[in-house]
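Only the coordinates and a few stated rules stand behind these numbers; no lab work does. In this text, all values refer to a predicted model and were calculated from it rather than measured experimentally. Backbone-built Cβ (ideal geometry, glycine too); neighbour counts: all protein chains shown.
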Amino acid sequence: MLIFMVLSVTALLWSCSTTRHVPDGSMLLDDVRIVVDDTTDVESADLTNYLRQTPNHKVLGFAKLQLATYNLSGRDSSKWYNRWLRRLGQAPVIYDADLTDASRRQLRQALVNMGYMGADVEVDTIARPDKKKISVNYRVHPGQAHRITSIAYDIPDTTVARLVLRDSVMFTLSPGDHLDRNALEEERTLITARLRNAGVLRIFKRIHQLHSRYRRKLSRRRAHHGDTPTQASFRHPNRHRHRHHALPL
């Protein structure tokens, strides 16, 4: 009995058109694929998060059950069961050319961040207006990856330099690695954490706060006396503090 009910519900879901709630003149984004043409370390799965528009969610990789549930609802949104079905389901994803172009730009920028400076991304669309459906293919050409040839740390303060370079074996970057901006950011975060743990950042922050406080006081003093910076630097600090009054005889 339970199997019969499951089969009945499944048949009912599949019997509804996937484009039932797609407006005329629009198309359902039916499928999106990322194809990496060149032989590189780039995997299409690593690029999916950069897409600005993706199709309706699939269960088990093929069944759009949430969309099918949404399509069971009627057009009259004043009826409670229609609203209930729409809350349970997922509205059809309507193809947007602007979002497709944004996805193309995002994919290319992601590749550049990975070190593929000459990357190119092409978009192929397969439209079926009679069925109100469209598929989008992103063809990714990463090209040759740029690699790190050498690494140098420019640290004027010798004390800070010793702290940073003391455990250089812990660094994550090395010559020959891809010029990956995400990896560069991880290295920066690692160095920042090392300085914070050593208390250096706290000292620098305190110095910056004191310097900013001094500059604010100096600016208020200049504004009060109408001094220019040159005049203020030569004015005696007690000039306006003491006033002499003549005593009446």
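Computed over the range 130-184, the convex hull of the alpha-carbon atoms projects to a mean area of 7.2 nm².
Computed over the range 62-208, the alpha-carbon pair-distance distribution with 5 angstrom bins reads 2, 7, 10, 11, 9, 9, 8, 8, 8, 7, 8, 6, 4, 2, 0, each value a whole percent.
In the range 158-198, the inverse of the mean reciprocal separation of distinct Cα atoms equals 10.9 Å; this is its Kirkwood hydrodynamic radius.
Here is the P(r) of the range 28-85: all C-alpha pair distances, binned every 10 Å from 0, give 18, 34, 27, 13, 7, 1 in whole percents.
Determine Rg/Rh for the range 23-141; Rg is computed over alpha-carbon atoms and Rh is the Kirkwood hydrodynamic estimate from the same atoms. Provide the component values of the computation, followed by the final result.
Working: Rg = 17.0 Å, Rh = 15.9 Å.
Answer for the range 23-141: 1.07.
Taking 0.36 nm per residue of separation and subtracting the Cα-Cα distance, what length does fully extending R128 through F171 add?
Details: separation 43, 0.36 × 43 = 15.48 nm, distance 5.24 nm.
My answer for the length gained is 10.2 nm.
Each of the peptides 38-47, 106-115 was scored by the mean count of other Cβ atoms within 10 Å over its residues; in descending order, highest first, they stand as 106-115, 38-47.
Based on the mean of other Cβ atoms within 10 Å per residue, sort peptides 184-193, 95-104 so the most packed one is first. Provide the component values of the computation, followed by the final result.
Details: 184-193: 13.0, 95-104: 16.7.
Top to bottom by mean Cβ count within 10 Å: 95-104, 184-193.
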